[in-house]
1. Report every pair of residues separated by at least 6 positions or lying on different chains whose Cβ atoms are under 9 Å apart, first residue within the stretch 64-86 and of a type in the set (Gly, Ala, Ser), second modelled with pLDDT under 90.
2. Considering only the stretch 116-138, how many residues are over 15 Å from Gly106 (Cα atoms) and either of a type outside the set (S, T, N, Q) or exposed (fewer than 11 other Cβ atoms within 10 Å of the Cβ) (or both)?
3. Please work out if Arg63 is surrounded by 11 or more Cβ atoms within 10 Å (Cβ to Cβ) and either over 30 Å from Gly119 (Cα atoms) or of a type in the set (D, E, K, R) (or both).
4. Say whether the condition of being assigned to a helix (DSSP H, G or I), in contact with a Leu (Cβ under 9 Å, 6 or more places away or on another chain) and either exposed (fewer than 10 other Cβ atoms within 10 Å of the Cβ) or small (Gly, Ala, Ser) (or both) is met by at least one residue in the stretch 19-29.
Amino acid sequence: MKIDYQKRLAAKVAGVGLDRVKINPEKVEQITEAITRSDIRRLIKSGAIEILPKKGVSRARARERPKRRGPGRRKGGKYAKIPRKRRWINKVRALRRELKIMKQKGILDPRTYRDLYRGLAKFESVAHLRSYVKREVLKEEV
């Protein structure tokens, strides 16, 4: 039995989409006889035609996500998040680590290592240290 018309009419009467209209399979005969809007309203009230609740988008995954921490969210000056001292500590540790690796690989002899270790303050980054070693120290050996 075709009940497409009744389903469409029920959706119109309830003001919902076709997906939210559920028809009770036990009362199909009753539903096929319904042809007017008032018949459909009566069937909705009796429970032969059910209007399903609205499906929402779950916020669960959004709640799990960490709070945004990009540069646009940050407030305060350059040294508000990471103080000058902490930046210095991080930089010096990285430079010392790099020097140690260069010494272990045999790129630097003990004397050059000691000279560079003492003058670490002049290097801005590990990349700067590497370029200096490549340019100045290795040039002397060749």
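1. Ala80/Arg74
2. 15
3. no
4. Scanning the stretch 19-29 turns up at least one residue that is assigned to a helix (DSSP H, G or I), in contact with a Leu (Cβ under 9 Å, 6 or more places away or on another chain) and either exposed (fewer than 10 other Cβ atoms within 10 Å of the Cβ) or small (Gly, Ala, Ser) (or both).
To keep it simple, each residue is scored yes or no on (1) assigned to a helix (DSSP H, G or I); (2) among the acidic types (Asp, Glu); (3) more than 30 Å from Lys139 (Cα to Cα).
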| position | (1), (2), (3) |
| --- | --- |
| Val16 | no, no, yes |
| Tyr79 | yes, no, yes |
| Arg86 | yes, no, yes |
| Lys91 | yes, no, no |
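The values are calculated or read from the model by the stated rules, or taken from the named source; none is laboratory data. As the structure is a computational prediction, the values presented were derived from the model and not from experiment. A quick note on method: Cβ atoms are made from the backbone with ideal geometry, for glycine too, and the neighbour counts reach across all protein chains shown.
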